[in-house]
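Peer 1: Got a structure for you, questions after.
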Amino acid sequence: MAEFLQFAFSGLTVGAVYALVALGFTLIYNASDVVNFAQGDFVMIGGMSTVFLYATGVPLPLAAIIAILTAVIVGLLLHRLAIEPARGASPVTLIIITIGASMFIRGVAQIVFDKQFHQLPAFSGDRPIEILGATLLPQSLWVLGGGLAVFVALWLFLERTLIGKAVLATAANRLGARLVGINTAVILAIAFGVSASIGALAGVLATPITLTRFDLGTIMTLKGFAAAMLGGMGSPLGAVVGGLLLGLIEAFGAGYISSVYKDGFSFIAILVVLFVMPRGLFGGRSVERV
Amino acid sequence: MTDAAATSPPSRRTWSPRLVSLVFVTVVVAVLPLVFPSNYYLRVASLVWTSGLAVVGLNLLMGLAGQVSLGHAAFLGIGAYAVAIGPTHLGVPPIPSALAGIALSALVAWIVGKPIFRLKGYYLAVATLGFGLLLALVLTSESAWTGGPDGMPVERVELFGWRVTGALTWYWITGVALIIGVALALNLEASPTGRALRALHDSEVAASVVGVDAARLKLTAFVVAAVYAATSGALLALMNGFVTPDTASFMHSVEFVTMVVIGGMGSVVGALVGAAILVALPQALTVLQEYETAVLGLLIMVFMIFLRQGIVPGLIGLFRGMRR
Amino acid sequence: MSKLASRLLGLGVSALAVAGLAGAALAADPIKIGSVLSATGPAAFLGDPEKRTLEMYVERINSAGGVLGRPLELVLYDDGGDANKARTFATRLIEDDEVVAMVGGTTTGTTMAMMPVFEDASVPFISLAGAVEIIEPVREYVFKTPHTDRMACEKIFADIKARGFTKVGLISGTDGFGKSMRAQCMAVVGNFGIEIVADESYGPTDSDMTPQLTKVKNAAGVQTVVNPGFGQGPAIVTRNYAQLGIGLPLYQSHGVASKSFIDLAGPAAEGVRLPSPALAVAEKLPDTDQQKPVVVEYKKLYEEKTGQPVSTFGGYAYDGLHLLVAAIQKANSTEPDAIRDALEATAGFVGTSGVFTMSPTDHLGLKVDSFRMLEIKDGDWTLVETGG
C-alpha cells in the first residue's frame, strides 16, 4: 500500500507538470490549429528567469511574477513577429516556425542565462508529509494545486467570459467568427499570451522539484504534446487527464515493471489508446488539417 | 557550379522538368569534387548526400502523400544499427547486413504503418513519434547488442580485400546512391501511383471516389520512405565507422521534417536544398560560436515566414511573380 | 521541377560552398591546437566549463610568451553533443585547420566517433571523457585525462568494504556516463566481496526518481546505495532519497564532484560520499600535497573569471591542455608524431586530477589512489581519512 501510494504521488506530481504544458498546447491549438513546439520553452523561461532574478535578491514571489510576465511578452512577440506574418500558411509550415522559435529561444537562453542546472527553494519547506507510509513533498501540493487552479481558471475563461467564447468560436469556425465581428488576430494573440503564462507558471512551480536548465523545453514539449494527444487535442479536460495519466503510467511502470523502459510504457499506452480511440480520450473535433 | 548549371544542354527546353532535376543533381555531384579544397568539404557533401537521400524519401511521404512522420529517424537507426550489429554480433558481412537492415526497415514500416495510418493529422504525427522514441529507447537500453548510449563501432567494408575508406571514395558512394534515389523518386512521382498519391494529398474523399485505395497508398509511401531512410542510415554508419542512438533520436526526426519543409514539400530538388542548408549551415555558422543555435533558429523562422511554400517552390513563385 | 528551380539551386549550392571556404584562412606562425567540445546541447554542463578553461589558459599561455616562442591558436568547435557532428568537426580539424593535436571530446560517444579520424591522420587526441574503452585497448594516438569509471567503482567499493557493508543497491542514469559506470561497477564488484541487491535506472531528463528509490529501499538486506550518474539526475536522486527517509549511506560518483551538486541537492546532500579528484577540496588539502598549488591556482582563476563554481570537467580540460603543452616543450617540436611520443613519456606531471605518469600501455597515467574519498558535511566537501 505504501509503495502504491508512493508511486501514485510521484506520478501525480510529474503528471501535473505535463498537464500544465498540455493545457498550453490546447489553448493555442484551439485558437489556431497550430501545435506550438516552443511551448516547453515557456516552462524554461518561467523557471530560469525566476532563478536568476531570485539570485540577484528579488523576493521569490516578485521574481516569479516578473518571470511569468517575461514569458507572456515572449509569447506575444512569438505571435506578432513569427506567427502573424505567416498567417494563412499551412499548419506544417507554422509548426516549423515554432520549431525555429524554440531553437532561437534556447539559443538566446544559453547566452542570457547559462548552461548549468539550477534550483529554487521549495515554497513551503522541504519537510516531507507522511501519508500511510508514503511521503509527499509540500511542493508537490503546490504543483497539483497550480494545475487544478489553472484548469478551473481556463474553464471559466472559455465558458464564462466573452473573450473566452470568442476563442472557442474562432476554434470552431474561423470564417464564421470573423463574420460575427470577432478579431481573430487579437484572439490568437491572447491565446499565445495566456498559453505562455501557463507554461511559465508550470516552470516556476516545478523548478524546486525538477530543477531547470536552458534546454528543458525540448523534453517538456515532447511530454506535453504526448499528454495533449493522449487526452485528445483541443480538450482542456483531455489535457489534464492526459498529463496526469502520462505521469502515473511512468511512475507505476518504473515502480512495478522496469525503470529502463519507463518512457516506453507511456508511448505504448498512447499508441494503444489511439488505435482504439483515434482522437484521444476526449478529442471530438476533427483534426484532419495537417 | 553556376557554370555547370549554365552549360547543361540548350535543348533542355524540350526536356521534362524531371529529367532536368536528375541531370542537375548528377552534374552537381560530379562537379563539386573539382572545386573542393580539402577532404573536409567532401565529408560535408557526403553528409548532405546521405541526409538528402533520407529527405527525398520522407518528401515522398510528406509532399506526395501529405502525411507527417515525427519518427522517421527510427528507420535511419534500423539501417545504421543493422550494419553495426550484423558483422559484430552475427558474423554477417556489412553489405548483406545493410540489405537485411533495409528489408527489415521496410517490414517494420509495413507492420507499424498498417494500424498507424488509420490515424490522421497530429494523431498520426504523435503515433510515429511514439514509435520512433520506442526504437531509440531500445537502442539506448540494450547495451549488450547496441553499445548503449555511447554507441558502437562499425566494421569497415571490405570488397575483394579492398578496404572501402577515404573521403573521396565515400563521396562517390553516397553521391551515386543519391542520384539513384533521386531517379527512382522522380520516376515514382510520375507513375500512376505517384499521381494517385497526389490526388490523395489534394482530397482524400475525392480520390477514394475515383477508386484510389487511400490506406494502401499511404502505406506504400511509408514503406518507400522507410527504405530510403534505412539506406541512408546504413551508408552513414559505414562511412562513419561508428553509430550512436542519436541517429534515431526525436531531434533527428524533427530535423528531417524541417529539411523537407524548408526546401519545399513535394519538390525533390527542394528536399536536397533543405538537407544542404541544415547540414552545411551549422558548419558555416561556427564562427558565431555561442550564437549559432539562436541564429539557426532565426533563419529557419525567416525562411518559413517569407517562403512559406519552402525555398525552392517559394523562389520559383517569387521569380515568376517578378517576371509578370 | 522547372529549369528555373535547378538554376536557383545551383546558385544556392555555390553560395554555401563559398561561405564554407571563407573559414579557411591560414596563419603560419601560431601552433594550432584543435578542440571539439559539447559546449551546447544535453552535455553542455560538461562542455561549457571545458571550453571556458581552454580559452582562459590559451590566453594566459600566450600572454606569457606562448610555447616554443610561438603563440597557441585554439580552433574550437561545438558538436552540440552529437557524435556525427563531432566526427565532421574532427575531419575539419585535420583536413582544413591542420592542427598539431587535439584536446576535446566531452562525452564518450563523441570521443569514440572521433577517434578513427585522429588514428588515421596520426595526430594526438587527448580526450576529456570518462569511459575506460577510450584507452582500453590502447590506441597509438589517443590519450585521456579523466579517471576511468572503473577506478571510481573501485574507490567506492573499497570504502564500502572498509565500512563493513556487503549489500549494495544501485541506481544509475541511462546516459552514457551512468550506463558505462554501471557496467564497470558490475564488472569489479565481485573483487570486493560485495553483492548488488537492487539495480534500478532513470532517464537523463527524468525529474522524479521516488519509484525507483522505493524499490531500492525495499530490496532485501540493502545496506548502502550507489548512484553512478551526472547532471541533474544525482541531485534529484539525493533529494528523493531524503524525502523517502532511506537513511542508508549514499555514494555518488566523480561525475558530480562540484560545489554545484551540493547547491542543487541542498540539505539532502549531507553525509553523501563520493570519489573525486583533488580539485573539489583544493584549499583543504594538506600543504604537503604536491597537487595543492596546481588545484588552488586553477580553482581561483576559474572562479574569478567565470563567476561559477569550479568543476572537475573544467579540470580535465586544464590537464589535457597542460599535458599537451608540456609534451610540445619536451619534444621541442610541433610534429604530431614527436608530440605523441612525448605525451606517452609523460612522467610525474602534476595536474588537477592527479599525478600523471603514462606509458605505452597506459594512456591515462593515473592510479586509483589519485581519487580522494569525500563526504559532504555542513554543505561543503570534507576529506575522508579512512577507506581505500
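The values are calculated or read from the model by the stated rules, or taken from the named source; none is laboratory data. Because the structure is predicted, anything quoted here is derived from the model rather than measured. Cβ sites come from the backbone with ideal geometry, for glycine too, and all protein chains shown count toward neighbours.
Peer 1: Among the residues in region C:327-338, are any touching a Pro at 6+ places or on another chain (Cβ under 7 Å) and under 30 Å from C:Pro71 (Cβ atoms)?
Peer 2: Yes, region C:327-338 has at least one match.
Peer 1: Any residue at all in region C:344-365 that is in contact with a helix residue (DSSP H, G or I) (Cβ under 8 Å, 6 or more places away or on another chain) and assigned to a helix (DSSP H, G or I)? Reasoning before the result, please.
Peer 2: Just the residues of region C:344-365 that are in contact with a helix residue (DSSP H, G or I) (Cβ under 8 Å, 6 or more places away or on another chain), to begin with: C:345-346, C:349-356, C:358-360, C:363.
Next, from what is left, pick out any that are assigned to a helix (DSSP H, G or I): none.
No - not one qualifying residue is present in region C:344-365.
Peer 1: Sticking with this structure for a sec: Restrict the check to region B:212-223 and report whether at least one residue is under 15 Å from B:Gly63 (Cα atoms), in contact (Cβ under 8 Å) with a residue 40 or more places away in the chain, among the aromatic types (Phe, Trp, Tyr) and more than 13 Å from every other protein chain (Cβ to nearest Cβ).
Peer 2: Yes, because at least one residue in region B:212-223 is under 15 Å from B:Gly63 (Cα atoms), in contact (Cβ under 8 Å) with a residue 40 or more places away in the chain, among the aromatic types (Phe, Trp, Tyr) and more than 13 Å from every other protein chain (Cβ to nearest Cβ).
Peer 1: A follow-up question, please. Does region B:231-241 contain any residue that is closer than 21 Å to B:Gly310 by Cβ, crowded, with 20+ Cβ neighbours inside 10 Å, within 13 Å of another protein chain (Cβ to nearest Cβ) and not basic (Lys, Arg)?
Peer 2: Step one: filter region B:231-241 for residues closer than 21 Å to B:Gly310 by Cβ, giving B:232.
Add one more test, that the residue is crowded, with 20+ Cβ neighbours inside 10 Å, and what stays is B:232.
Then keep just the ones that are within 13 Å of another protein chain (Cβ to nearest Cβ); that gives B:232.
If we keep only those that are not basic (Lys, Arg) as well, we get B:232.
Yes, the conditions are met somewhere in region B:231-241.
Peer 1: Give the number of residues within region B:83-126 that are surrounded by fewer than 17 Cβ atoms within 10 Å (Cβ to Cβ), at the interface with another protein chain (Cβ under 9 Å from one of its Cβ atoms) and of a type in the set (A, V, I, L, M).
Peer 2: 0
Here is a yes/no grid of residues against (1) under 23 Å from B:Leu217 (Cα atoms); (2) at pLDDT below 95:
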position: B:Val35; (1), (2): no, yes
position: B:Ser38; (1), (2): no, yes
position: B:Ser46; (1), (2): no, no
position: B:Val56; (1), (2): yes, no
position: B:Leu64; (1), (2): yes, yes
position: B:Tyr81; (1), (2): no, no
position: B:Lys120; (1), (2): yes, yes
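Peer 1: Checking the condition free of Cβ contacts under 8 Å to residues at least 40 places away in the same chain, over 19 Å from C:Leu374 (Cβ atoms), touching a helix residue (DSSP H, G or I) at 6+ places or on another chain (Cβ under 6 Å) and of a type outside the set (A, V, I, L, M, F, W, C), which residue from C:Lys305, C:Lys299, C:Lys330 passes?
Peer 2: Being free of Cβ contacts under 8 Å to residues at least 40 places away in the same chain, over 19 Å from C:Leu374 (Cβ atoms), touching a helix residue (DSSP H, G or I) at 6+ places or on another chain (Cβ under 6 Å) and of a type outside the set (A, V, I, L, M, F, W, C) holds for just one of C:Lys305, C:Lys299, C:Lys330, which is C:Lys330.
Peer 1: Also, I was wondering about something else. So, C:Val67, is that one touching an Asp or Glu at 6+ places or on another chain (Cβ under 9 Å) and either on the phi < 0 side of the Ramachandran plot or buried (at least 20 other Cβ atoms within 10 Å of the Cβ) (or both) or not?
Peer 2: Working: touching an Asp or Glu at 6+ places or on another chain (Cβ under 9 Å): no; either on the phi < 0 side of the Ramachandran plot or buried (at least 20 other Cβ atoms within 10 Å of the Cβ) (or both): yes.
Spelling it out, it is not the case that C:Val67 is touching an Asp or Glu at 6+ places or on another chain (Cβ under 9 Å) and either on the phi < 0 side of the Ramachandran plot or buried (at least 20 other Cβ atoms within 10 Å of the Cβ) (or both).
Peer 1: Got at least one residue in region A:5-16 being surrounded by fewer than 24 Cβ atoms within 10 Å (Cβ to Cβ), closer than 30 Å to B:Phe303 by Cβ and in contact (Cβ under 8 Å) with a residue 60 or more places away in the chain?
Peer 2: No, because not a single residue in region A:5-16 is surrounded by fewer than 24 Cβ atoms within 10 Å (Cβ to Cβ), closer than 30 Å to B:Phe303 by Cβ and in contact (Cβ under 8 Å) with a residue 60 or more places away in the chain.
Peer 1: Okay, next question. If you check A:Leu156 against the conditions, is it surrounded by fewer than 18 Cβ atoms within 10 Å (Cβ to Cβ), in contact with a Leu (Cβ under 7 Å, 6 or more places away or on another chain) and more than 10 Å from chain B (Cβ to nearest Cβ)? Show your work before the answer.
Peer 2: On the way: surrounded by fewer than 18 Cβ atoms within 10 Å (Cβ to Cβ): yes; in contact with a Leu (Cβ under 7 Å, 6 or more places away or on another chain): no; more than 10 Å from chain B (Cβ to nearest Cβ): yes.
Against the criterion (surrounded by fewer than 18 Cβ atoms within 10 Å (Cβ to Cβ), in contact with a Leu (Cβ under 7 Å, 6 or more places away or on another chain) and more than 10 Å from chain B (Cβ to nearest Cβ)), A:Leu156 does not qualify.
Peer 1: Quick check: is even one residue across region C:285-304 surrounded by 20 or more Cβ atoms within 10 Å (Cβ to Cβ), in a loop (DSSP other than H, G, I, E, B) and under 16 Å from the mean Cα position of the chain (by Cα)?
Peer 2: No - not one qualifying residue is present in region C:285-304.
Peer 1: Look through region B:127-163, keep the residues that are β-branched (Val, Ile, Thr) and at pLDDT 90 or above, and return whichever of them is surrounded by the most Cβ atoms within 10 Å (Cβ to Cβ).
Peer 2: Top of the filtered list is B:Thr140.
Peer 1: Further question on the same structure: Scan A:Leu244, A:Leu274, A:Leu230, A:Leu188 and give me the residue that is surrounded by 21 or more Cβ atoms within 10 Å (Cβ to Cβ), at pLDDT 95 or above, part of a helix (DSSP H, G or I) and not acidic (Asp, Glu). Can you show your working first?
Peer 2: Numbers: A:Leu274 fails: at pLDDT 95 or above; A:Leu230 fails: at pLDDT 95 or above; A:Leu188 fails: at pLDDT 95 or above.
Sole residue among the options that is surrounded by 21 or more Cβ atoms within 10 Å (Cβ to Cβ), at pLDDT 95 or above, part of a helix (DSSP H, G or I) and not acidic (Asp, Glu): A:Leu244.
Peer 1: Which pairs have Cβ atoms under 9 Å, sit 6 or more apart or on different chains, and link a residue in region B:159-182 that is under 17 Å from B:Asn240 (Cβ atoms) to one that is modelled with pLDDT under 95 and among the basic types (Lys, Arg)?
Peer 2: Note: pairs meeting the criteria are B:Arg163/B:Arg156; B:Val164/B:Arg156; B:Thr165/B:Arg156; B:Ala167/B:Arg43; B:Trp170/B:Arg43; B:Tyr171/B:Arg43.
Peer 1: Does C:Ser172 fit the bill of being closer than 14 Å to C:Val225 by Cβ, outside any helix (DSSP H, G or I) and touching a Pro at 6+ places or on another chain (Cβ under 7 Å)?
Peer 2: For C:Ser172, the condition - closer than 14 Å to C:Val225 by Cβ, outside any helix (DSSP H, G or I) and touching a Pro at 6+ places or on another chain (Cβ under 7 Å) - is met.
Peer 1: Tell me the residue from A:Leu94, A:Leu136, A:Leu144 that is touching a residue at least 12 places away in the same chain (Cβ under 8 Å) and either closer than 30 Å to B:Leu296 by Cβ or within 12 Å of chain B (Cβ to nearest Cβ) (or both), please. Show your work before the answer.
Peer 2: Numbers: A:Leu136 fails: either closer than 30 Å to B:Leu296 by Cβ or within 12 Å of chain B (Cβ to nearest Cβ) (or both); A:Leu144 fails: either closer than 30 Å to B:Leu296 by Cβ or within 12 Å of chain B (Cβ to nearest Cβ) (or both).
The unique qualifying residue is A:Leu94.
Peer 1: How do the strands (runs of 3 or more DSSP E) wholly within region C:36-153 filter down when requiring 1 or more residues that are aromatic (Phe, Trp, Tyr) and farther than 20 Å from C:Met358 by Cα: which remain?
Peer 2: Here the list reads C:72-78.
Peer 1: When you scan region B:244-265, how many residues do you find that are more than 19 Å from A:Ile97 (Cβ to Cβ) and more than 8 Å from every other protein chain (Cβ to nearest Cβ)?
Peer 2: Residues in region B:244-265 being more than 19 Å from A:Ile97 (Cβ to Cβ) and more than 8 Å from every other protein chain (Cβ to nearest Cβ): 4 in total.
Peer 1: Here's something else I'd like to know. What strands (runs of 3 or more DSSP E), lying completely within region C:177-270, carry at least 3 residues that are of a type in the set (D, E, K, R)?
Peer 2: C:195-202
Residue-by-condition table, conditions (1) more than 14 Å from chain B (Cβ to nearest Cβ); (2) under 17 Å from the mean Cα position of the chain (by Cα); (3) closer than 27 Å to C:Phe45 by Cβ:
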position	(1), (2), (3)
C:Thr91	no, no, yes
C:Val103	yes, yes, yes
C:Thr111	no, yes, yes
C:Ala121	no, no, no
C:Arg139	no, no, no
C:Met151	yes, yes, yes
C:Arg163	yes, no, no
C:Ser172	no, no, yes
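Peer 1: Name every residue in region C:158-168 that is under 29 Å from C:Asp208 (Cβ atoms), in contact (Cβ under 8 Å) with a residue 60 or more places away in the chain and either not assigned by TED's automatic domain parsing to the domain that holds C:Lys215 or not in a loop (DSSP other than H, G, I, E, B) (or both), in order of residue number.
Peer 2: Passing the criteria: C:Asp159, C:Ile160.
Peer 1: I would also like to ask the following. Return the residues of region A:78-131 that are polar (S, T, N, Q) and within 20 Å of A:Gln39 (Cβ to Cβ); say none if nothing qualifies.
Peer 2: Once the filter is applied, which keeps residues that are polar (S, T, N, Q) and within 20 Å of A:Gln39 (Cβ to Cβ), region A:78-131 yields A:Ser90, A:Thr93, A:Thr98, A:Ser102, A:Gln110.
Peer 1: Let me ask something else. Please find, within region C:357-386, the residue that is surrounded by the fewest Cβ atoms within 10 Å (Cβ to Cβ) out of those that are over 15 Å from C:Ala162 (Cα atoms) and hydroxyl-bearing (Ser, Thr, Tyr).
Peer 2: It comes out as C:Thr361.
Peer 1: Specify which of the listed residues (B:Ala271, B:Ala225) is under 30 Å from B:Ala82 (Cα atoms) and modelled with pLDDT of 95 or more.
Peer 2: B:Ala225
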